[in-house]
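The values are calculated or read from the model by the stated rules, or taken from the named source; none is laboratory data. Quick caveat, the model's predicted, so the values are computed rather than measured. Cβ placement follows ideal geometry from the backbone for every residue including glycine, while neighbour counts extend to all protein chains displayed.
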Amino acid sequence: MAARPKRCLVRRGGGRKQHGLAASCLRELRQKASGVLAIDKALEPITIVLAEDGTIVDDEDYFRCLPPNTKFVALAKDEKWGGRSPGGGTTWLSDVDEVDGAAEKWKQLARQLKDDLSNIILMSEEDLQVLIDVPHSDLAEELAQSQTKIQALQNTLQQVLDRREEERQSKQLLELYLEALKNEGSILSKVAESETVPGKEMDVVDTGTSSTGTSAKTALSDHLLAVLKGKPVPELCLDSQDLELVVKEDTQALAAALSWDKQKAEALQQACDQELSKRLQQVQTLHSLRSTSKGKKTLPWGDWLSSKRKK
């Protein structure tokens, strides 16, 4: 599966205007930046650097590790990064260009909510934060709602984020407790073994990490694998589509990609499956409420937000 396009913010060296680009690799970013910034062919190849500190980005793996909405500067031939603009920042365009017919990310997410507010449940933590950070006036205009209702919506989004964080902390505490019990059991087991008759051969246990099947390759993107490996309780960070991809992935291939044993990979898939099932059940419940709300096509904003705050 091809890497998911990443949102990038790019400007020309020495310029102040920012442009939004969607690129899945560094080569694609260079090509699109050359076009949108109208860089003459004679001035290519361009160099991509971080707007923050001028670090040259010339490695695909490094590019994939950078977060969405990273700010880049495109330097034409013989140009050099000149540092930050006065005041320590950069003046950007308020209206970011739309590339490849794709709207700005927050607008895409807002349209999902406009179609069905229950999509909040299926969003990733990153998507929720994007909507929380949007100015009230912009989001109100996009959703054709009052700023009062938008404030209530963003409060609900924050509550969803907070609830996931609380759940993450609870799961981490439970894992620590279970690990402590496991270690205690291991110590007791070793003490018991030391008291057995010497010379008894120990059974060989198959850990399931043999080299057979290690040639299997995962279809998950590098970004998704990085989240799975680097985030505590990663199932809470992902949206419904990514959860489904993890659940359907071959366990052996997933374990190899994450450098885990098969048992740990299976546990991750089970956790993702449970989280996906829980979210879908919540969506179904909200749809059921909507269908019984005075025959209206969509659940009223106030009622929906109130029901979310009560949960």
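A few points about this structure:
- Extreme residue, nearest to T70 (Cα to Cα), among residues of the stretch 10-25 that are surrounded by fewer than 20 Cβ atoms within 10 Å (Cβ to Cβ) and at pLDDT 80 or above: A22
- Residue check for Q145: at pLDDT 85 or above, out of contact with any strand residue (DSSP E or B) (no Cβ under 6 Å at 6 or more places or on another chain), on the phi < 0 side of the Ramachandran plot and in a loop (DSSP other than H, G, I, E, B): yes
- Of all residues making up the stretch 35-63, the number that are under 22 Å from H223 (Cβ atoms), surrounded by 17 or more Cβ atoms within 10 Å (Cβ to Cβ) and touching a helix residue (DSSP H, G or I) at 6+ places or on another chain (Cβ under 7 Å): 3
- Candidate set from the stretch 40-95 (those that are over 12 Å from R11 (Cα atoms) and basic (K, R)); member that is modelled with the lowest pLDDT: R84
- Inside the stretch 64-78, residues that are more than 27 Å from E126 (Cα to Cα) and surrounded by fewer than 17 Cβ atoms within 10 Å (Cβ to Cβ) make up a count of 2.
- Criterion: touching a Pro at 6+ places or on another chain (Cβ under 9 Å) and either crowded, with 18+ Cβ neighbours inside 10 Å or at pLDDT 75 or above (or both) - qualifying residue of L268, L299, L220: L268
- Among the residues making up the stretch 236-260, those that are within 17 Å of the chain's Cα centre (by Cα) and outside any helix (DSSP H, G or I) are C237, L238, D239.
- Identity of the residue in the stretch 147-184, among the polar types (S, T, N, Q) and out of contact with any helix residue (DSSP H, G or I) (no Cβ under 7 Å at 6 or more places or on another chain), that ends up farthest from M123 (Cα to Cα): N183
- Pair list, Cβ under 6 Å, 6 or more apart: the stretch 140-152 residue without any contact (Cβ under 8 Å) to a residue 12 or more places away in the chain, other residue hydrophobic (A, V, I, L, M, F, W, C): A140/I150; Q147/A140
- Every condition in (1) under 30 Å from Q159 (Cα atoms); (2) at pLDDT 85 or above; (3) not small (G, A, S) is met by E249 except one, and the failing one is (1).
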